[in-house]
Amino acid sequence: MPSKPRSLWDSITAAGTPAGRLHGAGATVALADLASSTSLGGRVEALRGRSVLLIAKDSLRAALAMLELDGVAARMVLCPADLDAAHLPPVARNAAADACVGDAGGATAELEGIRVRVDVDPELTAAPGPRVRSHETEWVLLTSGTTGVPKLVSHDLATLTDALTDTRPGAEPVVWGTFYDIRRYGGLQIFLRAVHLGSLVPADPGEPVPAFLERARAAGVTHISGTPSHWRKVLMSGAVSTIAPRYVRLSGEIADQAVLDALRAAYPQAIVAHAFASTEAGVAFEVRDGLAGFPASFIDAPGGRVRLTVTADTLHVRSGGNAHGYLGDDAGSFQRGSDGAVDTGDRLEERAGRYYFLGRQGGVINVGGLKVYPEEIEAVINSHPWVRMSLVRSRHNPITGAIVIAEVVLADETPEAQRPAPEVLARDLIHSCRQSLAAYKVPASIRIVPRLEVSAAGKLVRPNA
Amino acid sequence: MSIRATIKTQFEQVAVEQERKLAPLADDLKLIDCGLDSLSFAIVVARLEDALGVDPFSSDKAIDFPVTFGDFVRLYEGFAK
């Protein structure tokens, strides 16, 4: 294996001056200009050796900061644009952060322990001196947990670029678009590919689909990545034909046959591929045959960069792309099997020589990329005076991948004559859920059922979510 | 209730629940402009599965993803036949 250069900047300039550009919503920056200019207003030295929270919301600013901070910061914590403000203090504490980098003019978070605050600005200024690499920067990504504080996942440039086998630009220019936040694992993979191989056009948080596709077109997008939910939005936007990419990638959720077929029809010139990756396990594989699931031959395949195994119907991944572990409070909970492989928690089923994803172990429901824990919703429903027990589960949904539905058993104590009609009750329950839960956690449908199955151990029998 | 009326009712009800401002549901209205967000659409599709017994998006048949409200109604009409 070739040895990896020490910093991201070294890596992308190893084959010469980079020709690519970073296309933000408000500005475009040529990568080559970063050789002698800075986006940090000459304050890079103030960040050297520190644990830096990257809280810029603007995707271009985040990209610029990542390019400058690798090799300078001891630790760089990538905070996604949609990070709950209430979660920032515990994230800062778990990361022992003592500096932060944000949007120029952006809100300044008052955080304990933060001694240095630097703004990142796409209006570059002359760099105060040559780039000096002093640190092997630890890259910290956040999981998309929702009930609690996100976990902090420790990587470095070597683990993050493990799947990037060829880092030299080819003859044809490559422009990568991404619907993903580049501060999350899936989007970060695209950022790293783009800066090595060409240009990047990242969507901004909240940017409407047609506006982003138009920007991607203007930037000459050739490769583009998003979740199946992102792609369904594109297919229903009326703007699908704005772009004509050579390569379309889906990951982050289960890609079903309908969305793969629709993308193949929309982009007949493109390779439509779906990939599996997770923040903890890294990039595991890519499927290019246009079919949902993946060939069983991927499992236990000898050699190769990645070793995939199935243990207790769950996918395990061992590769140089595996994260090092969690930081702070969660340090002890990183799930590794006895062979050192990372337990992805994704359940599989084999049918006719192919593996298909069934959903998450533990029943976590993924609504458009947001995790929902059924028990949290059941607790709200069960607090209703007419309810005995409830089961919240996932129903496949073409828009968000999955949606929450509930089955409810009524308490016997209410005399039949005093019970409201089922549809009235269902509406009342949905109303009370809406009072105390985020919109994506409120069941789309509530059904009154005579009973729910309970196991011998006294636990609600949960269908495989 | 006709399929069209059922769909219209669901759009309106979900818009109220999700506090979205719904545009008048003409056949040539682009779905992206109707005022519903992704989650609202997801709920509409789930409720229509309850009401009509079909989810055209999850069928094995190839479908044209609807772009306008009229496309959306025709998609369900085609499957409910």
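The values are calculated or read from the model by the stated rules, or taken from the named source; none is laboratory data. The structure presented is a predicted model; accordingly, all values stated were derived computationally and were not measured. Positions of Cβ are backbone-derived with ideal geometry, glycine not excepted, and every protein chain shown enters the neighbour counts.
Which residue is nearest to B:Cys34 (Cα to Cα), if the candidates are limited to the stretch A:235-258 and must be facing chain B (nearest Cβ under 9 Å) and hydrophobic (A, V, I, L, M, F, W, C)?
A:Met236
Determine if the stretch B:10-25 includes at least one residue that is within 13 Å of chain A (Cβ to nearest Cβ), in contact with a His (Cβ under 8 Å, 6 or more places away or on another chain) and modelled with pLDDT under 90.
no
Identify all residues within the stretch B:41-70 that are part of a helix (DSSP H, G or I), touching a residue at least 12 places away in the same chain (Cβ under 8 Å) and within 9 Å of chain A (Cβ to nearest Cβ); write none if there are none.
Across the stretch B:41-70, the qualifying residues are B:Ile43, B:Val44, B:Val45, B:Arg47, B:Pro56, B:Phe57.
Conditions (1) modelled with pLDDT of 95 or more; (2) not hydroxyl-bearing (Ser, Thr, Tyr), marked per residue:
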| position | (1), (2) |
| --- | --- |
| A:Val287 | yes, yes |
| A:Pro302 | no, yes |
| A:Gln335 | no, yes |
| A:Ala341 | no, yes |
| A:Thr344 | no, no |
| A:Arg351 | no, yes |
| A:Val367 | no, yes |
| A:Tyr373 | no, no |
| A:Ala379 | no, yes |
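Is the stretch A:424-435 home to any residue that is at pLDDT below 90, loosely packed, with under 13 Cβ neighbours inside 10 Å and more than 28 Å from A:Asp84 (Cα to Cα)?
Yes: one or more hits.
Quick one: would you say A:Ile381 is surrounded by 14 or more Cβ atoms within 10 Å (Cβ to Cβ) and either in a helix (DSSP H, G or I) or small (Gly, Ala, Ser) (or both)?
yes
Which residues, counting only those in the stretch A:259-272, are within 8 Å of chain B (Cβ to nearest Cβ) and either among the β-branched types (Val, Ile, Thr) or out of contact with any helix residue (DSSP H, G or I) (no Cβ under 7 Å at 6 or more places or on another chain) (or both)?
Within the stretch A:259-272, A:Asp261, A:Ala265 qualify.
If you take just the strands (runs of 3 or more DSSP E) that sit entirely in the stretch A:318-367, which of them hold at least 1 residues that are more than 14 Å from chain B (Cβ to nearest Cβ) and closer than 26 Å to A:Tyr440 by Cβ?
Passing ranges, in order: A:342-351, A:354-360.
Given the condition buried (at least 20 other Cβ atoms within 10 Å of the Cβ), within 19 Å of A:Ser251 (Cβ to Cβ) and over 20 Å from the mean Cα position of the chain (by Cα), answer yes or no: does some residue in the stretch A:308-320 qualify?
For the stretch A:308-320, residues buried (at least 20 other Cβ atoms within 10 Å of the Cβ), within 19 Å of A:Ser251 (Cβ to Cβ) and over 20 Å from the mean Cα position of the chain (by Cα): present.
Scanning the stretch A:384-398 for residues that are outside any strand (DSSP E or B) and over 30 Å from A:His230 (Cα atoms), which turns out farthest from the other protein chains (Cβ to nearest Cβ)?
Checking each candidate, the answer is A:Pro385.
Where the second residue is among the aromatic types (Phe, Trp, Tyr) and the first is at pLDDT 95 or above and lies in the stretch A:125-152, which pairs have Cβ atoms under 9 Å and are six or more apart or on separate chains?
From the stretch A:125-152, the pairs are A:Leu141/A:Tyr185; A:Leu152/A:Tyr326.
Quick one: which residue in A:Ala301, A:Ala275 is more than 14 Å from A:Tyr356 (Cβ to Cβ), away from chain B (no Cβ under 14 Å) and under 21 Å from the mean Cα position of the chain (by Cα)?
After ruling out the rest, the residue left standing is A:Ala275.
Looking only at residues in the stretch B:26-40 that are over 19 Å from B:Leu75 (Cβ atoms) and in a loop (DSSP other than H, G, I, E, B), which one is farthest from the other protein chains (Cβ to nearest Cβ)?
B:Gly35
Scan the stretch A:224-238 and report the pairs whose first residue is assigned by TED's automatic domain parsing to the domain that holds A:Ala292 and whose second residue is acidic (Asp, Glu) and not in a helix (DSSP H, G or I), with Cβ atoms within less than 8 Å and a gap of 6+ or a chain change.
Close Cβ pairs satisfying both conditions: A:Thr227/A:Glu253; A:Pro228/A:Glu253; A:Pro228/A:Asp256; A:Ser229/A:Glu253.
Would you call A:Val195 touching a Pro at 6+ places or on another chain (Cβ under 9 Å), more than 11 Å from every other protein chain (Cβ to nearest Cβ), among the β-branched types (Val, Ile, Thr) and under 28 Å from A:Gly321 (Cβ atoms)?
The answer is yes for A:Val195.
For A:Leu192, which of the numbered conditions (1) within 22 Å of the chain's Cα centre (by Cα); (2) assigned to a loop (DSSP other than H, G, I, E, B) fails to hold?
(2)
Take the stretch A:216-234 and flag every residue that is in contact with a strand residue (DSSP E or B) (Cβ under 6 Å, 6 or more places away or on another chain) and away from chain B (no Cβ under 12 Å).
If the condition is that a residue be in contact with a strand residue (DSSP E or B) (Cβ under 6 Å, 6 or more places away or on another chain) and away from chain B (no Cβ under 12 Å), then A:Ala216, A:Ala219, A:Gly220, A:Val221, A:Thr222, A:His223, A:Ile224, A:Ser225 are the ones that fit.
Taking the condition of being touching a Pro at 6+ places or on another chain (Cβ under 9 Å) and free of Cβ contacts under 8 Å to residues at least 40 places away in the same chain, how many residues in the stretch B:1-33 meet it?
So the answer is 1.
Condition check ((1) buried (at least 21 other Cβ atoms within 10 Å of the Cβ); (2) not acidic (Asp, Glu)) across all residues:
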residue: A:Pro89; (1), (2): no, yes
residue: A:Ala92; (1), (2): yes, yes
residue: A:Ala96; (1), (2): no, yes
residue: A:Asp119; (1), (2): no, no
residue: A:Leu160; (1), (2): yes, yes
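Does B:Arg74 qualify as being modelled with pLDDT of 90 or more and facing another protein chain (nearest Cβ under 9 Å)?
Answer is no for this residue.
State whether one or more residues within the stretch A:428-445 are on the phi < 0 side of the Ramachandran plot, within 14 Å of chain B (Cβ to nearest Cβ) and assigned to a strand (DSSP E or B).
There is at least one residue in the stretch A:428-445 that is on the phi < 0 side of the Ramachandran plot, within 14 Å of chain B (Cβ to nearest Cβ) and assigned to a strand (DSSP E or B).
Of the residues that sit in the stretch A:252-270 and are crowded, with 22+ Cβ neighbours inside 10 Å and small (Gly, Ala, Ser), which one is nearest to A:Gly226 (Cα to Cα)?
The qualifying residue nearest to A:Gly226 (Cα to Cα) is A:Gly252.
Identify all residues within the stretch B:50-79 that are farther than 13 Å from A:Pro398 by Cβ and of a type in the set (Phe, Trp, Tyr); write none if there are none.
Scanning the stretch B:50-79 gives a single hit, B:Phe69.
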